Amino acid sequence: MQVDYPIGHRKRRAEGMPVLVKKFETSVDAHFGAKQAERIKALFATPKSLDALPVNELVAAMVTNGSGG
C-alpha cells in the first residue's frame, strides 16, 4: 500500500490537526504535573489569548519546578 499524502501533509490538514493536538496534550501531560499541564493546555486552546500573552508569562507557565506539580 502506498500513501501519497501522509497524515502530516498539508492536503490532510483537517484530518491531521486532531492527531497533532492529541500528541501535544499527551506530551504536556507526560512532562508536567496535572495542574500545570491543564494550565498549559488551556493557554494553547485559545489562540487569541495565547497571542496576547506576554512572552515572560508563557515562559513562566512552561517552567517545571522539578516536583511534578
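The values are calculated or read from the model by the stated rules, or taken from the named source; none is laboratory data. Only a predicted model underlies this, so the values are computations on that prediction, with no experimental measurement involved. As a convention, Cβ positions derive from the backbone with ideal geometry for all residues, glycine included, and neighbour counts pool all protein chains shown. Note: accessible area is taken over every heavy atom of the protein model, side chains too, but ligands, DNA and RNA are not part of it. Shrake-Rupley method; radii C 1.70, N 1.55, O 1.52, S 1.80 Å.
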Item checked: Net charge of neighbours whose Cβ lies under 15 Å from the Cβ of residue 5, counting Lys and Arg as +1 and Asp and Glu as -1 -> +2
Checklist line | Accessible area (Å², per residue) of the chain, counting only protein heavy atoms and a probe of 1.4 Å | finding: 81 Å²
Next item on the list: Compare 41, 11, 23 in a GNM of the chain, Cα atoms joined below 10 Å, and give the one with the largest fluctuation.
Entry: 11
Item checked: By accessible area with a 1.4 Å probe, ligands and nucleic acids excluded, highest first: order of 12, 39 -> 39, 12
Notebook entry, point to check: What does the charge count near residue 18 come to, summing +1 for each Lys or Arg and -1 for each Asp or Glu among other residues with Cβ under 15 Å from its Cβ?
Noted result: +3
Check: By how many nm would the segment from residue 56 to residue 2 grow when fully extended, if each residue of separation counts as 0.36 nm and the alpha-carbon distance is taken off?
Finding: 14.9 nm
Notebook entry, point to check: What does the charge add up to near residue 36, with Lys and Arg as +1, Asp and Glu as -1, over the other residues with Cβ less than 14 Å from its Cβ?
Noted result: -1
Notebook entry, point to check: So which lysines can residue 11 reach, going by Cα to Cα under 21 Å and dropping same-chain residues fewer than 8 places off?
Noted result: 22, 23
Next item on the list: Could you look at the chain and say what percent of its accessible area is carbon and sulfur, using a 1.4 Å probe and all protein chains?
Entry: 59 percent
